[in-house]
Each structure stands twice: as structure tokens, then as C-alpha cells.
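The values are calculated or read from the model by the stated rules, or taken from the named source; none is laboratory data. Computed from a predicted model, the values in this text were never measured in an experiment. All Cβ positions, glycine included, derive from the backbone under ideal geometry; neighbour counts span all protein chains shown. To get the accessible areas, we keep the full protein, side chains included, count just its heavy atoms, and leave off ligands, DNA and RNA. Shrake-Rupley method; radii C 1.70, N 1.55, O 1.52, S 1.80 Å.
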Amino acid sequence: MEFAELIKTPRVDNVVLHRPFYPAVEGTLCLTGHHLILSSRQDNTEELWLLHSNIDAIDKRFVGSLGTIIIKCKDFRIIQLDIPGMEECLNIASSIEALSTLDSVTLMYPFFYRPMFEVIEDGWHSFLPEQEFELYSSATSEWRLSYVNKEFAVCPSYPPIVIVPKTIDDEAVRKVATFRHGGRFPVLSYYHKKNGMVIMRSGQPLTGTNGRRCKEDEKLINATLRAGKRGYIIDTRSLNVAQQARAKGGGFEQEAHYPQWRRIHKSIERYHILQESLVKLVEACNEQTHNMDRWLSKLEASNWLAHIKEILTTACLAAQCIDREGASILIHGTEGTDSTLQVTSLAQIILEPRSRTIRGFEALVEREWLQAGHPFHQRCAQSAYCNSKQKWEAPVFLLFLDCVWQILRQFPCSFEFNEHFLIMLFEHAYASQFGTFLGNSESERCKLKLQQKTMSLWSWVNRPSELSKFTNPLFEANNLVIWPSVAPQSLQLWEGIFLRWNRPSKYLDEAYEEMVNIIQYNKELQAKVNILRRQLAELETEDGLRESP
């Protein structure tokens, strides 16, 4: 298919653009296969380049022959275009609708994007499973790399290489895969070097109504327990939902077959409930006419902060089992591709200082989200404005980033990255020139040949010029476990995401810049103090030598 077939009117003059925090600007609107571009001939006027894949919904209005298109973006921005001529307006609107809802992944911009920057590091090879395993292998010999899923035959949503207990052979792993939802057998997610406890994740066991069991499954997860130790299974569904799953062939671990494991149910919402929550929250944030009561009741009705609390509470419980109870844990819900990953990755941020560095966090996203099979293409297909709701959309990754921001706000010196880093990841998960978040699993990314045909987001982010924008000036490495508060009073609306298009951040930006300057000045003064101390010590040594006979 040629993009030209979808572009009925490629260019319109005298279009007026209205967008947050900028004066209205008149210019020429151009449509390309992947971008909507508005260019003004005025000096010092910033052009608009908007990816069609960032467009969530459009509305049309007409007053006489003047048409208005309101574009609602996946990053929650709202842009208005005033277009002279009804026909031009209708043509532009239908072209935008067609170009922003392309079915084929290979027609998306990452397959056409050619970087203008020098590629210093190939991000596709920055966080390979073998490299991550090396970090653990120095501390333990109880685990091994398994290539059982090399052709994605055992589990389509797992990567080709996984970490399993050394005592369990690949044949046993294959049998366990037939007993777990989607073939997602228990794999190592995190090894706590302090005490050797581990976090594993999987899909639900397929026990069904007959109470089916699998000896190999029992052996695999028991292989992670120390002698005389108990483990915890954290099920991210309510007991009621887990029991209902048995009727559909799913279920949970029966205590009779897993006597050394204690099961805890912590309900975390999924799918349309989360999507509706996001829609309500963005609607509340965009309404400018609130009085205080109405704003607070709409914020509460969205339930967004309640979801944040649920997820953080479960992550803290997981971290507590590992660090304070000295017990290993297995985490799963139904598929093990959504709430499970939220909990495993947040627990690591609490427990593991490396996950709070820029590269460590990138490795975490790569390992616990991309390679672990979170279906980004399905979950991030639409955002808060789209009317045609599918079953699969849900802001699972955005909720995870919001939880990270809540912890970052409570521990502002313990993270190497800043809020802009998290916002950047949210934007690229929904619409990007890079191939990192395309597809639903590693097997899909392999079939699409993303490594050969697209650029990795990490290749761009990890360049020194970009890293400086994402580095937290307050960072001081903290090797301790950090325990965030999940009390309702401690959780706040993430203004940097949800209010950034509704109110100017000029003064916050200026304050941030001033803080950076003060920190830089403090470092310079500290360096001068160190030089003067050395000089003083040298002078005192010389005086001592002169005075000695």
C-alpha cells in the first residue's frame, strides 16, 4: 500500500494552529506518510511535527466554510487546527484518521526512520540475558541459563534464553510449561545477593476443576527453597477471581501439593477497569471549571491513585518477604504479563540500588517488560481519548512508571534518573521513531526483524548529550533498601504527566534550573575547598620541616 493513496490533500495553506502555552500561529499544513507538519514562515516560530501514531482521536467542527479539527494525542495533548474550506478540512481529517490507525506494524515510522545522530552504542545488544546472568553468577551457582525456548516453541511470550534452577533439566521445564498459562513456567526474575532469596514469576497453574497437579512444577519451585525454609506465592488476583479461573481451566497452587509455600492474594485490577480509570482521570484533569469539591470527587472517582496504592502495597509486600522475612517468592496473576511485571519490577526498585540508576532501570524495562512479554502493541494501541475501545488496551506500563515516580518523589536523592526520563519512556511506549516498544513479545520482534530494520531507543537515550537531560542532579548512590510509604497521604497526582498540558511549567522549570546551578556551584566550591586543604597541609608540612633541627 502506498501512503499517497491515503493522503487526499497533502498540503493546505493559511491553517491556524492552537496548542497549549504557545500563541496561535498561521502556516502551511503538510501531511506525510508518518507526520502531520505545520510550518510557519514567521521567524522564531517553532514548527509542529506530530507522529500520526501519537494521534488517539480527532473531532471535527464547522462554522460556515471554516473547519476545525481537534487532535487528541496519546500523550494527553490537545491541538486545534483551523482549516479554511470544508472540503480540505474533511480530506485532512479522513487522511489523519486513516494514517493514525494503520493495521500493519511494518508501515509504522520506526521502519522508515533513519537517525541523524551518530550511533555510539547499539541498544539492541545493550542488555542481553547472558550479560544480566553474569551479574548473578558471581554470587550463586544454583541457577543456569536455559535455551529451552530457543525457537519460542515452549512459550511464545518468553525470550529464547531464561534463567531456571540448575537442578531442573530442560525436559522437566517443557513439562512444567504445559501446566502453566501460556506456557509461562516459573523463571528467575531477581536474585537478592544479601541473603540469596529470589523472586520468580510465571503464569497461573492450569489446575482446573479437577485439581490437576504437575510433579515437575512442584519440584521446580521447591528447588528455590533453602532447607527448612518456607516460600510465598503472591497471586495478583483476589481469591474469588482465582477460584473462578478454575472453571476455565486455570486456578492456583493447592496447599496439599505445595506445603512449603504460603499463598497470599493481593488483588490488582486489569484491562478495561484500568483503561476506564485513565479516561476518567484525564477527563478530570482537562476540565477547567472545577470547584474544589468537584475536582476532588472526580479525582477520587477515577480510582487512579487507588490502583497506584494497590500495586505499590503488593510490591512492598514482595520486597518485605525477600529482605525482612528471608523468604523466596513466586508471583503470578492469570497470564503473568501485566500486574505480575508491575510487582516484580517495583520490588527490584525497592531492593536493588542498580535498578535506580539509568542503565539499571533500562535493563529492568528490557528484562521485566520487553523480554518478559508485556504486550505493548495491544496495551498501548490507544490512550485516554479514543472512542473505539478494544478489549486489550490498559495503561499497565504507565501505572508502573507512575509508581516509580511516587518512589522517586519520596527518595529524591536515591535515583540517578529524573522525572523527564520516566515521561520520555511513557511517550515512546505509545508513539515512537524507535522499534523498542513495537510488538507484543520477543518472538514478534524477531519475526519483524526489528534489530535489523529499526533503531533501538537505548541507542539514542544513552548518548552523553541526551543522558544529561535525564540525569538527576540530586543523585547520591544509596546502597540500602528503600521503603516507600503507601499511605494515602503520601501518594500524589503525577502532575508532570497529567497536568503538563493544562498549566505552564515555566516557574517549575526555572526553579529546577536554579537548583541545578546551585548544585554545580556547590561542587565547584567543594573542589576549591579540597585544593586549599591540600595546599594548607603542604604548607604545614614545610613549616614542620623548617622547624625541625
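Using only the Cα atoms of region 233-383, build the gyration tensor, take square roots of its eigenvalues as a ≥ b ≥ c, and label the shape rounded, prolate or oblate: rounded if a/c is under 1.5, else prolate if a/b is larger than b/c, else oblate.
Numbers: a/c = 1.82, a/b = 1.43, b/c = 1.27.
It comes out prolate by the Cα gyration axes.
Step through the table entries LYS74/LYS447; LYS166/LYS219; LYS74/LYS449, compare each Cα-Cα distance with 18 Å, and write down the pairs that go over it.
Values: LYS74/LYS447 27 Å; LYS166/LYS219 12 Å; LYS74/LYS449 26 Å.
With Cα atoms farther than 18 Å apart: LYS74/LYS447; LYS74/LYS449.
Over region 189-503, Cα pairs under 8 Å with separation of 6+ residues give a relative contact order of 20 percent.
Summary of the geometry: region 465-494 and region 93-129, compared by the centres of their Cα atoms, lie 30 Å apart. Under 5 Å between amide hydrogens, built in the peptide plane, is the criterion, and for ARG213 it picks out nothing among residues at least 5 positions away or on other chains. Straight-line reach from LYS60: taking Cα to Cα under 17 Å and skipping same-chain neighbours fewer than 8 places apart, the lysines in range are LYS8, LYS72. Note that the chain presents 46 Å² accessible area per residue, ligands and nucleic acids not counted, probe 1.4 Å. For ILE264, the amide hydrogen comes within under 5 Å of the amide hydrogens of ILE233, ILE234, ASP235, counting only partners 5 or more places away or on other chains and with H modelled in the peptide plane. Only the Cβ atoms of Lys and Arg (+1) and of Asp and Glu (-1) were treated as charged; on that basis the dipole of region 4-102 about its Cα centre amounts to roughly 180 debye. Cα centroid separation, region 13-33 to region 270-329: 36 Å. Applying the Karplus relation 6.51 cos²θ - 1.76 cosθ + 1.60 with θ = phi - 60° to region 14-29 yields 3J(HN,Hα) values of 6, 8, 9, 9, 10, 8, x, 6, 10, x, 4, 9, 9, x, 9, 9 Hz, where x marks Gly and Pro. With a threshold of 24 Å on the Cα-Cα distance, the over-threshold entries among LYS248/LYS280; LYS193/LYS229; LYS280/LYS309; LYS389/LYS453 are LYS248/LYS280; LYS389/LYS453. Counting charges near LEU364 (Lys, Arg +1; Asp, Glu -1) among other residues having Cβ under 9 Å from its Cβ returns a value of -2. Building the convex hull from the alpha-carbon atoms of region 33-158 and averaging its projection over directions returns 13.6 nm².
Using a probe of 1.4 angstrom, how much of the accessible area of the chain is carbon and sulfur, in percent? Mind showing how you got there, number by number?
Details: 13400 of 25520 Å².
Result for the chain: 53 percent of the exposed heavy-atom area is carbon or sulfur.
Applying a DSSP loop filter and a limit of 14 other Cβ atoms within 10 Å to the GluC sites (Glu not before Pro) in region 98-172 leaves GLU118, GLU121, GLU151. Working from the Cα coordinates of region 388-539, the gyration tensor eigenvalues give, after taking √(5λ), semi-axes of 37, 22, 16 Å in decreasing order. First select every other residue whose beta carbon is under 13 angstrom from the beta carbon of PRO165; then total the charges, Lys and Arg +1, Asp and Glu -1. That works out to -2.
Return the equivalent ellipsoid semi-axes of the chain as a descending list in whole Å, where each equals the square root of 5 times an eigenvalue of the C-alpha gyration tensor.
Values: eigenvalues 339, 254, 108 Å².
The three semi-axes for the chain are 41, 36, 23 Å.
Put the Cα centre of region 502-521 next to the Cα centre of region 136-180 and the gap is 48 Å.
Taking amide hydrogens as placed 1.01 Å from N in the peptide plane, the amide H of ILE55 sits under 5 Å from those of LYS74, each at least 5 positions away in sequence or on another chain.
Looking at region 1-71, which chymotrypsin sites (Phe, Trp or Tyr not before Pro) are DSSP coil and have at most 13 other C-beta atoms within 10 Å of their C-beta? Don't skip to the end; give the middle numbers.
Values: sites: PHE3, PHE21, TRP49, PHE62; in loops: PHE21.
Answer in residue order: PHE21.
Estimated purely from DSSP H runs of n ≥ 4, each contributing -39500 (n - 2.57), the mean residue ellipticity at 222 nm for the chain is -12000 deg cm²/dmol once divided by its residues.
If you take every residue apart from PHE76 with its C-beta less than 14 Å away from the C-beta of PHE76, what net charge results, scoring Lys and Arg +1 and Asp and Glu -1? Provide the component values of the computation, followed by the final result.
Working: positive: ARG19, LYS72, LYS74, ARG77, LYS280, ARG500, ARG503; negative: ASP56, ASP75, GLU283, GLU287, ASP402, GLU427, GLU495.
Around PHE76, the surrounding residues sum to 0.
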